[in-house]
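Contents: one structure, followed by commentary.
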Amino acid sequence: MKKYFPYMALLLVIVIADQVSKILLDTYLEYGKAFNIMPGIDFLLVYNPGAAFGILSDQPGWQRWFLILVSIFISAILVFWIKRTAETSKIESFSITFILAGAIGNLLDRLMYGYVIDFIHLFWGDISWPNFNIADSSITIGAILFIYIQVFCKKEFQN
């Protein structure tokens, strides 16, 4: 169990940071009203009943349960993946932990509210990126790290 501690600690930190930020910003921000942080970055509270980039958000509600099932299934696979790679590739296990933490953060939203709370809004002039949250950021960091490992690192150098 000791070998899994760093991954579980990272997972807990990310999930807690994600959930606390969502609760705080959902409490203190007005829905749909931008609060500028700095040039190009707003806090803009939106609820996403769909998947990434709002895919399926126009559906009548079935997508909530579908996305919950998909999240649970993927999370289970990621847990087993971490278990499999924890001793052979720590960096791969960390990348998967980032992805798992993000999946769990958004899964908790879907279970509790029926939608994912998004609040980070990036923009450049009239160009705008879809809103996201800490869980989404964690998934992105994990995916980038995982791709980097697979493309640029040799297995013998991953520990």
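The values are calculated or read from the model by the stated rules, or taken from the named source; none is laboratory data. In this text the structure is predicted, and so the values were computed from the model without any measurement. Glycine gets a Cβ as well: all are built from the backbone with ideal geometry, and neighbour counts include every protein chain shown. Protein only, heavy atoms only, side chains kept; ligands, DNA and RNA dropped before computing areas. Shrake-Rupley method; radii C 1.70, N 1.55, O 1.52, S 1.80 Å.
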Margin query: Please list 3J(HN,Hα) in residue order for the range 129-142, calculated via the Karplus relation 6.51 cos²θ - 1.76 cosθ + 1.60 where θ = phi - 60°; whole Hz, with x for glycine and proline.
Written below: 8, x, 4, 8, 9, 5, 4, 4, 4, 5, 4, 5, 4, x
Check: Rounded if a/c is under 1.5, else prolate if a/b beats b/c, else oblate: with a ≥ b ≥ c from the C-alpha gyration tensor eigenvalues square-rooted, which is the chain?
Finding: prolate
Checklist line | Computed E for residue 37/residue 83 - FRET, C-beta separation, R0 35 angstrom, nearest 0.05 | finding: 0.35
Item checked: For peptides 112-124, 93-105, sequence by mean Cβ density within 10 Å, most packed first -> 93-105, 112-124
Next item on the list: Take 109, 58 and sort them by solvent-accessible surface of the protein heavy atoms, 1.4 Å probe, largest at the top.
Entry: 58, 109
Notebook entry, point to check: At a Förster distance of 41 Å, what's the computed FRET efficiency of residue 68 paired with residue 127, Cβ-Cβ distance as r, to 0.05?
Noted result: 0.80
Margin query: How tilted is helix 62-85 with respect to the longest principal axis of the chain? Cα atoms for both, answer in degrees (0 to 90, nearest 10).
Written below: 30 degrees
Notebook entry, point to check: How far is helix 90-113 tilted off the main Cα axis of the chain, in degrees rounded to 10, range 0 to 90?
Noted result: 30 degrees
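Residue separation times 0.36 nm, minus the C-alpha to C-alpha distance between residue 75 and residue 144: what's the value? Walk me through the intermediate numbers first.
Working: separation 69, 0.36 × 69 = 24.84 nm, distance 1.79 nm.
Stretched out fully, the residue 75 to residue 144 stretch lengthens by 23.0 nm.
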Checklist line | Probe 1.4 Å, protein heavy atoms only - accessible area per residue of the chain in square angstrom | finding: 61 Å²
Item checked: Protein accessible area in the chain, 1.4 Å probe - carbon and sulfur % -> 74 percent
Next item on the list: Please build a GNM for the chain, connecting alpha carbons under 10 Å apart, and tell me which residue among 130, 49, 39 fluctuates the most.
Entry: 39
Next item on the list: Specify the residue with the greatest mean-square fluctuation among 128, 75, 57, computed from a Gaussian network of the chain linking alpha-carbon atoms under 10 Å apart.
Entry: 128
Note to self: Order 147, 91, 14 by their accessible area, 1.4 angstrom probe, all chains in place, largest first.
What the structure shows: 147, 91, 14
Check: Under a Cβ-Cβ cut-off of 10 Å, what is the net charge of the residues other than residue 3 that fall near it, where Lys and Arg count +1 and Asp and Glu count -1?
Finding: +2
Checklist line | DSSP loop trypsin sites (Lys or Arg not before Pro) with at most 14 other Cβ within 10 Å: longest gap in the chain | finding: 34-153
Check: How far is helix 5-28 tilted off the main Cα axis of the chain, in degrees rounded to 10, range 0 to 90?
Finding: 0 degrees
Check: What is the extension gain from residue 152 to residue 13, computed as 0.36 nm multiplied by their sequence separation minus the C-alpha to C-alpha distance, in nm to one decimal?
Finding: 47.3 nm
